[in-house]
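To start, the structure itself, in structure tokens.
The values are calculated or read from the model by the stated rules, or taken from the named source; none is laboratory data. Treat the numbers as computed from the prediction; the structure is a model and nothing was measured. Counting neighbours? That spans all protein chains shown, and the Cβs are built from the backbone with ideal geometry, glycine included.
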Ligand code: SF4
Ligand code: SF3
């Protein structure tokens with residue numbers, strides 16, 4: 001196997017024997033084969049589009065299947081194999097329609113390959129189409145092709161979330177297909193690849209806007225909300241991942257059953273949505289970020305549901321308590337299927353002891369998405385003009401296990417009192433429960449939401465730039481980003497496509513970025529790796 005799509009990659013270069021995330025070589029090969037198959041399906045879909053054939057089923061499937069290969073989503077070889085079979089089935093159905101409409105199909109490659117009958121045969125096929133086997137002879141083009149694929153995985157995740165809540169835009173689906181199919185091409189020049197990668201950033205902004213609309217039109221705009229970190233005596237279900245609809249369904253299905261529902265990880269900001277917080281048994285938040293789940297889940301006295309990334313290998317001491325749904329899968333873990341009947345989860349929660357008593361561990365504030373922040377924009381702008389707010393820091397992104405990530409805790413602790421800190425993503429768990437005070441009633445730490453809510457952060461920055469009649473790059477704003485998986489790659493591409501400069505990225509730079517591509521990013525965007533909290537603060541604040 002070879003995989004270097006995430007920040008945790010082995011030795012900072014690539015996982016070759018087994019994934020640090022727990023992905024085994026068989027699943028890695030199958031994921032490679034799935035991406036290869038999706039490239040072929042995308043080629044056929046693009047030709048179909050020219051002939052006026054554009055089935056929704058194909059569009060949605062390509063987004064879902066691409067999302068399933070994102071880090072920490074699907075570890076089940078059987079589930080990946082089913083997706084490959086479905087991709088081939090859709091491809092062949094679409095080919096027949098395209099031929100009938102007079103379309104001309106590619107004569108070789110993934111639009112034509114014959115899928116092996118057995119799982120072992122599929123694994124062998126996947127090995128033939130891995131990242132290294134498909135390597136472009138030009139290492140910079142190879143780097144940009146991989147960057148595009150990882151950006152597409154992030155876009156696919158956001159598109160899938162938006163689609164679940166009824167928001168779609170065909171430009172997103174078309175780009176996913178064009179991007180996937182483009183990676184088969186050998187005729188594009190370096191500049192064209194750079195353009196394509198930046199286009200991925202633009203499409204991701206559109207996708208995040210769709211998702212923002214999906215979330216806010218379904219559940220209302222988040223409002224500032226105190227979330228307890230302790231527990232309520234009684235039976236409990238813990239919901240992790242990013243899928244708001246799954247959480248809503250769990251809240252509905254547990255009504256009146258004497259079960260309290262808790263959020264984990266990226267579900268924390270859900271407490272701010274009016275249409276979710278209205279459930280009296282939606283109690284509080286448990287635990288921190290994904291990399292601590294083996295310890296934290298083992299101690300949770302109820303059932304646990306993983307709705308999206310980031311699942312870790314379930315330990316035996318809680319394997320019977322954890323469930324997956326949507327695109328998440330782990331071999332041997334009960335999966336809640338498309339009927340979304342969470343009955344088995346409820347049953348398990350009622351069997352388990354639950355929390356024996358009420359415990360108070362304080363609270364954290366969530367709900368500072370764009371609507372809430374922009375409603376106090378006048379106050380914020382006045383505070384900046386009066387010199388009470390010196391600088392804004394966006395410290396956000398993913399969390400992870402690497403000790404170098406303590407940088408993010410340190411910098412938040414050291415940011416001076418006259419600065420505001422905006423955050424989003426699970427990276428916040430490095431500092432989310434710190435009491436950082438306020439400036440004229442404006443909390444110094446504003447939680448904008450999930451990584452899925454990066455659109456809010458961009459809208460806030462654009463609104464501030466408008467108010468101060470300047471460009472985002474001229475604002476007293478510094479972006480200090482932590483990345484781990486491919487949604488963060490998509491967001492980074494969006495920031496670059498908007499021309500945002502001076503981003504500090506860490507804890508390490510992506511292994512898939514070649515030295516020349518990095519050089520291009522440094523020259524054009526002044527992107528830089530994080531250094532130490534002191535040095536970076538000195539450089540930013542002078
Ligand atoms: Fe390694 Fe990350 Fe790929 Fe997992 S997703 S195999 S940790 S590079
Ligand atoms: Fe986190 Fe997995 Fe990226 Fe959503 S939950 S930010 S890593």
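Quick notes
- Residue in the range 33-40 that is buried (at least 16 other Cβ atoms within 10 Å of the Cβ), within 13 Å of ligand 1 (Cβ to nearest atom) and under 30 Å from residue 506 (Cβ atoms) present: yes
- Filter result (touching a residue at least 40 places away in the same chain (Cβ under 8 Å) and away from ligand 2 (no atom under 15 Å from the Cβ)) within the range 271-285: 271, 272, 273, 274, 275, 276, 277, 283, 284
- Selection of the range 199-226 for residues being surrounded by fewer than 24 Cβ atoms within 10 Å (Cβ to Cβ) and within 29 Å of residue 360 (Cα to Cα) yields 219, 220, 221, 223, 224, 225, 226.
- Filter pass, residue 302 being within 16 Å of ligand 2 (Cβ to nearest atom) and within 30 Å of residue 435 (Cα to Cα): no
- One residue from 62, 20 being within 16 Å of ligand 2 (Cβ to nearest atom) and either touching a helix residue (DSSP H, G or I) at 6+ places or on another chain (Cβ under 7 Å) or without any contact (Cβ under 8 Å) to a residue 24 or more places away in the chain (or both): 20
- Filtering the range 485-509 to residues that are assigned to a loop (DSSP other than H, G, I, E, B), farther than 14 Å from residue 530 by Cβ and either within 15 Å of ligand 2 (Cβ to nearest atom) or without any contact (Cβ under 8 Å) to a residue 24 or more places away in the chain (or both) leaves only 485.
- Inter-residue pairs, beta-carbon under 6 Å, first at pLDDT 95 or above and in the range 36-50, second outside any helix (DSSP H, G or I) and surrounded by fewer than 21 Cβ atoms within 10 Å (Cβ to Cβ), 6+ apart: 36/129; 39/184; 43/106; 47/103
- From 325, 334, residue being within 16 Å of ligand 2 (Cβ to nearest atom), outside the structural domain of residue 73 (by TED's automatic domain parsing) and under 24 Å from the mean Cα position of the chain (by Cα): 325
- Considering residues of the range 10-23 that are part of a loop (DSSP other than H, G, I, E, B) and either more than 9 Å from ligand 1 (Cβ to nearest atom) or in contact with a strand residue (DSSP E or B) (Cβ under 9 Å, 6 or more places away or on another chain) (or both) only, the residue farthest from residue 120 (Cα to Cα): 13
- Residue satisfying all of: in the range 1-17; over 22 Å from residue 64 (Cα atoms) and within 16 Å of ligand 2 (Cβ to nearest atom); surrounded by the most Cβ atoms within 10 Å (Cβ to Cβ) among these: 7
- Between 302, 234, the distinction of being touching a helix residue (DSSP H, G or I) at 6+ places or on another chain (Cβ under 6 Å) and under 18 Å from residue 359 (Cβ atoms) belongs to 302 only.
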